[in-house]
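The values are calculated or read from the model by the stated rules, or taken from the named source; none is laboratory data. The shown structure was predicted, so the numbers you read here are calculated from the model rather than taken from an experiment. Here the Cβ positions follow ideal geometry from the backbone for every residue, glycine too, while neighbour counts run over all protein chains shown.
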Amino acid sequence: MAPRFYDTLRESVVPLTPIEPGHVRLYVCGPTVYDHPHIGHMRSCIVYDVLVRHLREQGLRVTHVRNITDIDDKIVQRAAQRGEDIATLTARYTASYREAAQRLFCVAPTHEPKVTAHLPQVHDLIARLIERGAAYVASGDVYYKVASFEPYGKLSHRKLNDLEAGASGRVADDEAKKKQHPADFALWKGTSAEPNWPSPWGPGRPGWHIECSAMCLACLGESCDVHGGGLDLVFPHHENEIAQSEAVTGKPLAGLWLHHGFIEVNKEKMSKSLGNFFTIAECFRVVEPEALRYFMLTTHYRSPLNLDWVENAQGSVTSFPQIEECERRVEYLYATAQRLASFPDARIDPANAQVDPELAAFQQRLAAVLDDDLNMPQALSVVADLLKRINEAIDVASRKQNRLGAATRDSMREQLAALGRVLGLGLDDPAAFQLRVRARRAQNLGLRESEVEEKIAQRIAARKARDFKRADAIRDELLGLGIELMDEGDRTSWRVA
């Protein structure tokens with residue numbers, strides 16, 4: 001069966017049917033780069049990354065376009081506040097966003113168009129809208145005439161008479177005098193103030209909505225298969241994209257409209273405007289990036305994802321309890337992978353070709369739940385079952401006179417690799433991950449790793465001297481400090497419990 005997703009336009013789960021068989025064209029509205037990304041921004045990045053990974057794993061070619069908005073009033077205001085040109089400012093924050101996405105194991109998009117590189121396409125699209133009577137010039141500005149597009153409101157399921165002007169929060173008060181209808185929106189904002197860009201209607205800046213229409217058409221043609229973004233973009237941004245694009249092409253802008261829910265803080269959307277956000281840098285200081293990625297998968301993409309945190313007396317974040325729990329689960333994933341990788345070759349039975357059918361079916365089970373409207377919480381449940389089966393099989397094979405079948409081991413390796421390809425989990429070096437986590441947790445407890453290692457050396461010496469009472473006392477002392485010891489033969493490793 002074809003993958004099925006919830007389409008905002010049709011308000012139902014429908015099959016994905018690419019225009020070109022075997023090739024999915026995806027457009028996702030990317031960041032407006034006037035500041036460092038916060039945790040909420042990265043939910044979009046991760047949701048659509050899993051979608052792309054899943055579709056590619058199913059053998060589909062995916063052209064993934066995620067734009068960079070580098071012309072916007074917020075950018076202009078921030079650059080003015082800091083006394084720098086917008087090119088410098090947007091380059092810095094674009095790099096910051098890309099770095100965060102990379103650390104979260106998000107695959108780079110196929111194309112990452114910028115507004116500044118697509119102004120000719122913006123101008124052309126506006127001119128075509130004016131020519132068709134769907135836009136008009138007013139004192140150096142150009143506005144879209146919403147009354148000219150009969151199905152306006154079809155995505156957000158609103159009626160034109162009920163719409164309010166300036167719903168996006170990006171419309172100035174003086175625009176009302178220039179508009180033919182309160183819901184008309186700017187395609188070009190005329191201004192002589194710097195920075196501005198030349199156009200057939202005079203110097204100015206493009207409107208927010210026209211930018212994405214122009215870039216989507218330029219990169220993917222008159223229709224794409226999937227258009228995605230956050231729920232806050234349904235109206236007015238995506239509604240206006242539809243009006244602009246379809247008024248010119250006469251074709252549906254997208255076959256499917258996917259929208260993800262917000263990350264919420266105290267039941268409010270996380271956003272810079274509300275001041276209730278945490279930057280990615282704040283999060284990465286407290287937990288591993290991969291733990292944040294796992295956290296994003298714990299709730300269905302269309303549902304809100306609530307975030308809790310703990311602060312110290314100075315108001316600095318010291319803990320994200322839910323994400324830290326996810327870090328434990330990622331730690332278990334890496335421990336499982338490391339355990340399988342270090343299983344002795346001498347205990348492998350090359351003649352045993354039998355494989356547990358449930359183990360072998362992991363990839364099919366994972367694909368099935370992701371085909372069902374990208375059900376990522378169910379995908380994590382499938383992963384948990386896989387890890388349990390791997391550890392149980394290793395436990396059995398580790399007993400005397402038992403061995404692990406070569407076919408089973410190879411199947412386990414392939415399932416873990418598939419897990420990484422599809423969900424973007426388990427892609428780090430297991431030992432490096434565990435050492436980073438251990439070092440940070442020890443630091444949080446006020447412990448130096450060298451002190452722990454010295455205690456362990458003392459315990460090893462006590463055991464060699466057969467002073468087991470002293471060895472047990474050291475173990476109990478460390479456990480009281482939050483340090484758990486693991487004995488494996490003649491070596492001892494440790495972790496923060």
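Structural remarks
- Residue in the stretch 451-458 that is in a loop (DSSP other than H, G, I, E, B) and of a type in the set (D, E) present: no
- In the stretch 26-65, residue surrounded by the fewest Cβ atoms within 10 Å (Cβ to Cβ) [restricted to those that are closer than 25 Å to Q363 by Cβ and of a type in the set (V, I, T)]: T63
- A Cβ distance below 6 Å, combined with a sequence gap of six or more or placement on separate chains, defines the contacts here; from the stretch 341-364, residues that are in the same structural domain as K400 (by TED's automatic domain parsing) and within 22 Å of E57 (Cα to Cα) reach residues that are at pLDDT 90 or above and not aliphatic (A, V, I, L, M) in the pairs L359/R389; L359/S411; A360/S411; F362/Q415.
- Of all the numbered requirements in (1) in contact with a Phe, Trp or Tyr (Cβ under 7 Å, 6 or more places away or on another chain); (2) closer than 17 Å to Q338 by Cβ; (3) in contact (Cβ under 8 Å) with a residue 40 or more places away in the chain, R495 misses one, and that requirement is (1).
- Only one of the listed residues (R438, R466) is surrounded by 14 or more Cβ atoms within 10 Å (Cβ to Cβ), at pLDDT below 95 and of a type in the set (K, R). That residue is R438.
- Here the stretch 50-85 is the region considered, the condition is being small (G, A, S) and either in a helix (DSSP H, G or I) or touching a residue at least 60 places away in the same chain (Cβ under 8 Å) (or both), and the residue that is farthest from P21 (Cα to Cα) is A80.
- Between K251, K177, the distinction of being at pLDDT below 95 and of a type in the set (D, E, K, R) belongs to K177 only.
- Listed conditions (1) closer than 30 Å to G204 by Cβ; (2) within 20 Å of the chain's Cα centre (by Cα); (3) in a loop (DSSP other than H, G, I, E, B) are all met by Y93, apart from (3).
- Within the stretch 314-325, being surrounded by fewer than 15 Cβ atoms within 10 Å (Cβ to Cβ) and part of a loop (DSSP other than H, G, I, E, B) holds for Q314, G315, S316.
- Checked against the criterion of being surrounded by fewer than 18 Cβ atoms within 10 Å (Cβ to Cβ) and either assigned to a helix (DSSP H, G or I) or outside the structural domain of Q121 (by TED's automatic domain parsing) (or both), the stretch 256-273 has no qualifying residue.
- Residue match in the stretch 141-152 (condition: of a type in the set (S, T, N, Q), more than 28 Å from the chain's Cα centre (by Cα), under 17 Å from I242 (Cα atoms) and surrounded by 16 or more Cβ atoms within 10 Å (Cβ to Cβ)): yes
- Total residues in the stretch 315-343, condition in contact with a Phe, Trp or Tyr (Cβ under 6 Å, 6 or more places away or on another chain) and acidic (D, E): 0
- Leading residue by the ranking (farthest from the chain's Cα centre (by Cα)) among those in the stretch 299-313 that are assigned to a strand (DSSP E or B) and in contact (Cβ under 8 Å) with a residue 24 or more places away in the chain: N306
- Residue among R438, R448 that is touching a residue at least 12 places away in the same chain (Cβ under 8 Å), charged (D, E, K, R) and out of contact with any Pro (no Cβ under 7 Å at 6 or more places or on another chain): R438
- Criterion applied to A254, A313, A281, A335 was being out of contact with any Leu (no Cβ under 6 Å at 6 or more places or on another chain), of a type outside the set (D, E) and within 16 Å of D428 (Cβ to Cβ), and the one residue passing it is A335.
- Selection within the stretch 285-303 - of a type outside the set (S, T, Y) and either within 24 Å of K74 (Cβ to Cβ) or out of contact with any Leu (no Cβ under 9 Å at 6 or more places or on another chain) (or both): R285, V286, V287, E288, A291
- Filter result for Q354 (more than 26 Å from R328 (Cβ to Cβ) and either in a helix (DSSP H, G or I) or in contact with a strand residue (DSSP E or B) (Cβ under 8 Å, 6 or more places away or on another chain) (or both)): yes
- Only listed residue being closer than 21 Å to A80 by Cβ and either among the hydrophobic types (A, V, I, L, M, F, W, C) or touching a Phe, Trp or Tyr at 6+ places or on another chain (Cβ under 9 Å) (or both), chosen from A183, A193: A193
- When restricted to residues that are outside any loop (DSSP other than H, G, I, E, B), touching a residue at least 24 places away in the same chain (Cβ under 8 Å) and either closer than 19 Å to C216 by Cα or within 22 Å of the chain's Cα centre (by Cα) (or both), the stretch 14-30 contains 6.
- Matching residues, the stretch 469-480, being within 16 Å of A497 (Cα to Cα), surrounded by fewer than 16 Cβ atoms within 10 Å (Cβ to Cβ) and touching a helix residue (DSSP H, G or I) at 6+ places or on another chain (Cβ under 9 Å): E477
- Residues of the stretch 1-54 satisfying the condition of being of a type in the set (D, E) and under 21 Å from S156 (Cβ atoms): D7, E11
- Of R389, R438, all but one fail to be within 27 Å of the chain's Cα centre (by Cα), part of a helix (DSSP H, G or I) and at negative phi; the exception is R438.
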